[in-house]
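The values are calculated or read from the model by the stated rules, or taken from the named source; none is laboratory data. What you are looking at is a predicted structure, and each value in this text was computed from that prediction instead of being measured. Virtual Cβ from ideal backbone geometry, glycine too; neighbours counted across all protein chains shown. Note: accessible area is taken over every heavy atom of the protein model, side chains too, but ligands, DNA and RNA are not part of it. Shrake-Rupley method; radii C 1.70, N 1.55, O 1.52, S 1.80 Å.
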Amino acid sequence: MEFDLTLRNGLVCTEEGLAQLDIGVKDGVIKALQTGLSAGAKDVDVRGRYVLPGGIDSHCHIEQLSGMGVMTADDFYTASRSAAFGGTTTIIPFAAQRQGDDLLEVVRDYAHLAREKSVIDYAFHLILSDPSEKTLTEHLPDVIAGGITSFKVYMTYESWKLDDFQLLDVLHAADRYGAMVMVHCENNDIIRWITRRLLSEGRVHPKYHAVAHDPLAESEATNRAIALSRLMSVPLLIVHVAGLEAVRVIHAAQVMGAPIYAESCPQYLFLTADDIDKPGVEGAKFCCSPPPRDPQSQQAVWEGLLNGTLQVFSSDHAPYRFDETGKLPRGDATTFKQMANGLPGIELRMPLLFSEGVRTGRMSIEQFVNLTATNHAVMYGLYPRKGVIRVGSDADFAVWDPELSKTVCWDMLHDNVGYTPYEGREVIGWPLAVFNRGRAVVEHGELRARAGDGQYLPCGEPAPITRNKKAIRQGLVVKKLFAA
Ligand code: DUC
Ligand code: ZN
Ligand code: ZN
């Protein structure tokens, strides 16, 4: 038989737009994309359904210790399972280097965890918290050659943060080896100063988390990171943009021609700081950094996603249970400073955006696909193997029912968290079946894949880096410090 799988009559979203097509799959790859294909060994009619590229969640913390040493509630099995039920077929979590860690050991140990447990394909970013000479000049080139071509750095969190000098070192290394730097932009001293003041006044309720993480801490750090990137003429991706001012700062840099890219997440579209203001410690369920802000910021993030200021929509899944093992190390006496920061969102990322973006007419289906899949592949060097439905690409897609309505309840999700910040929301539009390299991962409400079925994806040079190099050669970007 010509195909292992033929998916018939779906409304398929390709790079040319939406069209009713059949998809023929052989050996995990899309071999044909047209009407009237021959029968596949497995042959499924999906008339009336959308067939969209499998999502890529390029920002998720899985089986990772927080800055305060708390392990995430999800391991690779539960996180990848949950991602798959939400229409995602590739995850890119972080091999996290803590201070003093040997980078090569960090990567080896983390790769082992993923290999044993992931049900879908995965790539890795690094977190760099110890950019020593040895890390940057000896280990990093090997790690990048092995397919990890992006790394996250922090401007806050005592145990992760880099100072500006170190950030310049990291940008310089990224430039030399062709990697993408992702930055968590918050001014550590602003947060630390407000936090000390609040705690000294006995203000410990979760709602003060949003006070300590003032929007100016975010916009100042965003502006500073952009300045460092411009100084070096090295591209930068600002992760989890939350505030209106940060969106404006990013947009202004882009207008000036700086190669600045940005990401946002469901919590900044669908939650606000008011959600944190709940009785007792309940608000801890909504605490992440940066925190959800106000309706004006939500609006700015929506606009940024729609007008291209922000190119990727990820979950920043950082799952902690609502108990002593996670969010509440001191039970009901936990202060805002002691709570583990982070929200679950790996499963609802795509359904929430589909429901509130596509269903409401705010965004086209093509924009949805770009924000949840294609742009991630381009940004991190996986395109066109991943992120698109085209002949020659991996057969990663999800069949969506655009009319299916469900009310979100934590126990319908497939993570290991025990709550969701989106409890009680009506969501219209859900993936019914999810295929990764032609294998059914989710079908008829059941998980079909097994732990370890996912494959490691080595990333190539991120496209924005290549583009920047070309621009430098053509003299469009001035290399301020060193000759190109
Ligand atoms: N903030 C982060 O930077 N990472 C994980 C969770 C969070 O809230
Ligand atoms: Zn972060
Ligand atoms: Zn994060």
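Taking the condition surrounded by 19 or more Cβ atoms within 10 Å (Cβ to Cβ), more than 30 Å from Phe397 (Cβ to Cβ), of a type in the set (A, V, I, L, M) and within 16 Å of ligand 3 (Cβ to nearest atom), does Val106 pass?
For Val106, the condition - surrounded by 19 or more Cβ atoms within 10 Å (Cβ to Cβ), more than 30 Å from Phe397 (Cβ to Cβ), of a type in the set (A, V, I, L, M) and within 16 Å of ligand 3 (Cβ to nearest atom) - is not met.
Read through the list (1) within 30 Å of Asp275 (Cβ to Cβ); (2) not in a loop (DSSP other than H, G, I, E, B), then give the number of the only condition that Pro206 fails.
(2)
Rundown of residues vs (1) in contact with a helix residue (DSSP H, G or I) (Cβ under 7 Å, 6 or more places away or on another chain); (2) within 16 Å of ligand 3 (Cβ to nearest atom); (3) in contact (Cβ under 8 Å) with a residue 24 or more places away in the chain, yes/no style:
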{"position": "Lys278", "(1), (2), (3)": "no, no, yes"}
{"position": "Ala284", "(1), (2), (3)": "no, no, yes"}
{"position": "Cys288", "(1), (2), (3)": "yes, yes, yes"}
{"position": "Lys337", "(1), (2), (3)": "yes, no, yes"}
{"position": "Arg349", "(1), (2), (3)": "yes, yes, yes"}
{"position": "Leu353", "(1), (2), (3)": "yes, no, yes"}
{"position": "Gly361", "(1), (2), (3)": "no, no, no"}
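Condition first: more than 16 Å from ligand 1 (Cβ to nearest atom) and within 14 Å of Asp101 (Cα to Cα). Now tell me which residues in segment 124-137 satisfy that.
Result: Asp130, Pro131, Ser132, Glu133, Lys134, Thr135, Leu136.
Quick one: in segment 265-276, which of the residues that are touching a Pro at 6+ places or on another chain (Cβ under 7 Å) and either open to solvent by 10 Å² or more (accessible area, probe 1.4 Å) or in a helix (DSSP H, G or I) (or both) is nearest to ligand 3 (Cβ to nearest atom)?
By that ranking, first place goes to Gln267.
Kindly indicate the residue of segment 44-74 that is farther than 26 Å from Ile238 by Cα and buried (at least 20 other Cβ atoms within 10 Å of the Cβ) and also farthest from ligand 3 (Cβ to nearest atom) among those meeting that condition.
Val46
Examine segment 448-461 for a residue that is without any contact (Cβ under 8 Å) to a residue 12 or more places away in the chain, among the basic types (Lys, Arg) and either closer than 20 Å to Gly54 by Cβ or in a strand (DSSP E or B) (or both), and state whether such a residue exists.
Yes, segment 448-461 contains at least one residue that is without any contact (Cβ under 8 Å) to a residue 12 or more places away in the chain, among the basic types (Lys, Arg) and either closer than 20 Å to Gly54 by Cβ or in a strand (DSSP E or B) (or both).
If we keep just the residues of segment 1-26 that are of a type in the set (Asp, Glu) and under 28 Å from the mean Cα position of the chain (by Cα), which is surrounded by the most Cβ atoms within 10 Å (Cβ to Cβ)?
Glu15
Residue check: is Met256 within 16 Å of ligand 2 (Cβ to nearest atom) and either at pLDDT below 95 or over 21 Å from the mean Cα position of the chain (by Cα) (or both)?
no
Give me the residue from segment 448-477 that is crowded, with 16+ Cβ neighbours inside 10 Å, more than 21 Å from the chain's Cα centre (by Cα) and within 30 Å of Leu269 (Cβ to Cβ) and, out of that set, modelled with the highest pLDDT.
Selected residue: Ala449.
Working only within segment 74-116, note down all residues that are touching a residue at least 40 places away in the same chain (Cβ under 8 Å) and either among the aromatic types (Phe, Trp, Tyr) or part of a loop (DSSP other than H, G, I, E, B) (or both).
Asp74, Asp75, Phe76, Tyr77, Phe85, Gly86, Gly87, Phe94, Arg98, Gln99, Tyr110
This table checks each residue for (1) on the phi > 0 side of the Ramachandran plot; (2) within 15 Å of ligand 1 (Cβ to nearest atom); (3) hydrophobic (A, V, I, L, M, F, W, C).
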residue	(1), (2), (3)
Leu113	no, no, yes
Glu116	no, no, no
Asp142	no, no, no
Ser150	no, no, no
Tyr154	no, yes, no
Ser159	no, yes, no
Leu171	no, no, yes
Asp189	no, no, no
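Quick one: would you say Tyr110 is among the hydroxyl-bearing types (Ser, Thr, Tyr) and in contact with a helix residue (DSSP H, G or I) (Cβ under 8 Å, 6 or more places away or on another chain)?
So Tyr110 does not fit the description; no.
Among the candidates Glu303, Glu324, which residue alone is away from ligand 1 (no atom under 16 Å from the Cβ), in a loop (DSSP other than H, G, I, E, B) and not aliphatic (A, V, I, L, M)?
Glu324
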